[in-house]
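In what follows, a structure is listed as structure tokens, so that the remarks can point back to it.
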Amino acid sequence: MRAPGGERAERQRLVRVARGLEEGDLLVRGAGVVQPATGEVFAADVLVAQGRVAALVGAGSGTRAARTVEARGAFLAPGFMDAHVHIESSLLTPARFAEAVLPRGTTAVVAEPHEVVNVLGAPGLAWMLEAGRGSGLRVFASVPSCVPASEFERGGARMDAAEVEAALRLPGVLGLAELMNYPGVLGGDPHVWDVLDAGRGGRVDGHAAGVTGRDLMAYAAAGVHSDHEATTPEEARERLRAGLWLMVREGSAARNLEALLPVLRGRPRRAMLVSDDVSVDELLGLGHLDRLLRACVAGGLHPADAVALVTCNPAEYWGLPDLGLVAPGYHADFVLLRDLTGFEVLETFVGGQEARAGGVTPPLPGGGVDLGPGWDTATFEVPGHWPVMEVRPDQITTGVGEPGTGDARLVVADRYGRGEHAACWTSGTGMKGGALAVSILHDAHHVAVLGGTDVDVRAAGRALEALGGGVVVVAGGEVRAGLPLPFAGLMSDLPPREAAARLAEVTAAARSLGCTLPYPVTTLSFLGLSVIPALKLTPRGLLDVTAWRLLPREEEGGHGAPGRRLERAGGGGA
């Protein structure tokens, strides 16, 4: 039984306030309430007590509360929820991420801490939940299902089914995160199926890039509930027909919303909007879920239908019955909006209080960069027969180009002290000199260096070691710009605007070297993700994801062409 001060007492007071027998804590007067459950907007005053909505009462009813907020015709919508986001991809700690998104109307997120867990294991998940609790944002989590992402990767940690099962019992954990090793699902890989079995009984997020037809049916039949990898209307409809919830992704690395708007205009019952990966500069410059809502309404959706995609739909999917609506008994997490086209946020409330980000980020030991003692003399030859990785600026998939057609080299080096590295050629980045280097490389999070002579590559690697992880631009062996990411080599605890300014310096330095990618750091960070077609680079070599094999370093059937090394003025290959 609960103590008198527990939920029963709180709910009983809520009932008395709703009946008008007691004064409420907060009254939002004169609002246009957005009700995504019915697809309407209506005038009402919203009465709050105990951090929850007590009642919606007629405008001008004379209801009183200890505190009143005058909406003056502004619109009151449920707080926005991002149902699938990697906080680490913002380059910010949870507290700093909250600073960036709370003013944009986001009140809750389901974090997929795949990045920090691949670096540090289960302690990374516990840290994400702890850091989220003090952030001012409601931070839930799903348990990473693929650590490492595939058999071709070795990161800083590995989670087996027993560890996943234990993690699923942690407070704030809602289910199993994106099951990205779909070849393992379809092929009956015992480790993958052990993890899948551990997640049964709860939500299981999917991640099935390019999977269609009978393979998609088989993937859903395995017990997966959603997918966020649809890039065309045909793929989106196929997922909905297969009973999967459709997560429409619009982030910094992959932009699918415009292509999928025709599907959303059909008002599918099981759909939501997610950001997946969004960088700090875009959060501050363009927004978070508010930006996606603007695009939806501009694309023809009714505002209430658009709002449903970031409120009641994700709350229903994740089993959060007290979130997602402005209605009696629900948490008083809501957003006061100037209008329903621009979605300009006037005020954000969490639990009936004006939202305030804050809290001290807990320490996170470990997770630095160790390239090994042989790094200072390493060379980075590319096998002459390897195809070229064609980089796409607005997708995380890559294409396949003919050998010899690349214009910028990519080097990926193990950052956990094992001394492995590999190099391939890319096209589509525009890099003409110098190097851009990161310690963010989905999902094992090794060091990736785009462009540069061997001298630049080595200098960039050592610079990342000195920072404990981060992002740097190097030219002529000298660092031109950088952003330290001391939390697992992934996140900064700098204020968002300061972090964004440092990132802007990195982007500007990369563009001065010819880079044409809109978000070069984010795009580079996906060039090692071993479960996304078509080509990805790991420290062990170039992976053909479609064929699910590492390409041989020697040409099959012969000795092959000699490898290409990059030597330019200002630094020799050795």
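Throughout, read-outs are computed from the coordinates displayed, never taken from laboratory work. Computed from a predicted structure; not experimentally measured. Don't worry about glycine lacking a Cβ; one is built from the backbone with ideal geometry, like all the others, and counts go over all protein chains shown.
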Among L244, T231, L216, whose Cα sits farthest toward the positive end of the charge dipole of segment 194-259 (+1 at Cβ of Lys/Arg, -1 at Cβ of Asp/Glu, about the Cα centre)?
-> L244
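For E556 and W193, what does the FRET efficiency come to when R0 = 35 Å and r is the distance between their Cβ atoms, rounded to the nearest 0.05? Show your work: numbers first, answer last.
Numbers: r = 32 Å, r/R0 = 0.91.
Given R0 = 35 Å and the Cβ-Cβ separation, E is 0.65.
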Listed with the fewest Cβ neighbours within 10 Å leading, T397, T341 appear as T341, T397
Calculate how many DSSP beta bridges within segment 1-87 are antiparallel, expressed in % of all such bridges and rounded to the nearest 5.
-> 70 percent
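For V345, V471, what ranking results if the residue with the fewest other Cβ atoms within 10 Å of its Cβ goes first? Intermediate results must be reported in sequence, preceding the final value.
Working: V345 20, V471 30.
Going from least to most buried by this count: V345, V471.
How big is D, in µm² s⁻¹, for segment 373-550 by Stokes-Einstein at 37 °C and 0.692 mPa s if Rh is the Kirkwood radius over C-alpha pairs?
On the way: Rh = 15.8 Å.
Rounded to a whole number, D works out at 208 µm²/s.
Only bridges whose two residues both fall in the chain count here: according to DSSP, what percent of them are antiparallel, nearest 5?
So the antiparallel bridges amount to about 65 percent of the total.
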Which translational diffusion coefficient, to the nearest whole µm²/s, is obtained for segment 390-460 from the Stokes-Einstein equation, given a Kirkwood hydrodynamic radius over C-alpha pairs, 37 °C and 0.692 mPa s?
-> 258 µm²/s
May I ask you to evaluate 6.51 cos²θ - 1.76 cosθ + 1.60, the Karplus curve with θ = phi - 60°, for each residue of segment 413-428 and list the ³J(HN,Hα) values in order in whole Hz, giving x for glycine and proline?
-> 10, 4, 9, 10, x, 8, x, 8, 7, 8, 9, 9, 9, 10, 9, x
Put +1 on the Cβ of every Lys and Arg and -1 on every Asp and Glu Cβ in segment 79-324; which of V274, L91, P190 then has its Cα farthest towards the positive end of the dipole?
-> V274
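What is the dipole size for segment 352-511, taken about its Cα centre, with +1 at each Lys and Arg Cβ and -1 at each Asp and Glu Cβ, in debye to the nearest 20?
On the way: 12 positive and 18 negative charges, 61 e Å.
Dipole magnitude for segment 352-511 comes out near 300 debye.
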Calculated log₁₀ intensity ratio I(q)/I(0) where the Debye formula runs over C-alpha points of segment 79-324, q = 0.07 Å⁻¹ = -0.20
Dipole magnitude of the chain about its Cα centre (Cβ charges: Lys, Arg +1; Asp, Glu -1), debye to nearest 20 = 1240 debye
With a ≥ b ≥ c the root eigenvalues of the C-alpha gyration tensor of segment 184-267, is it rounded (a/c under 1.5), prolate (a/b larger than b/c) or oblate?
-> prolate
Based on DSSP H runs of at least 4 residues, each adding -39500 (n - 2.57), what is the mean residue ellipticity at 222 nm of the chain after dividing by all its residues, to the nearest 500 deg cm²/dmol?
-> -7500 deg cm²/dmol
Among G299, A111, G121, the residue whose Cα sits farthest towards the positive end of the charge dipole of segment 79-324 (+1 at Cβ of Lys and Arg, -1 at Cβ of Asp and Glu, taken about the Cα centre) is G299
Looking at the P(r) of the chain, how many percent of alpha-carbon pairs lie beyond 48 Å?
-> 13 percent
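Just how large is the dipole of segment 79-324 about the Cα centre, in debye to the nearest 20, putting +1 at every Lys and Arg Cβ and -1 at every Asp and Glu Cβ? Could the numbers behind the result be given before it?
On the way: 21 positive and 32 negative charges, 155 e Å.
Computed charge dipole of segment 79-324: roughly 740 debye.
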Within the under-9-Å Cβ sphere about D290, not counting D290, Lys/Arg +1 and Asp/Glu -1 give a net charge of +2
Segment 502-523-segment 115-168 distance, computed between alpha-carbon centres (Å) | 29 Å
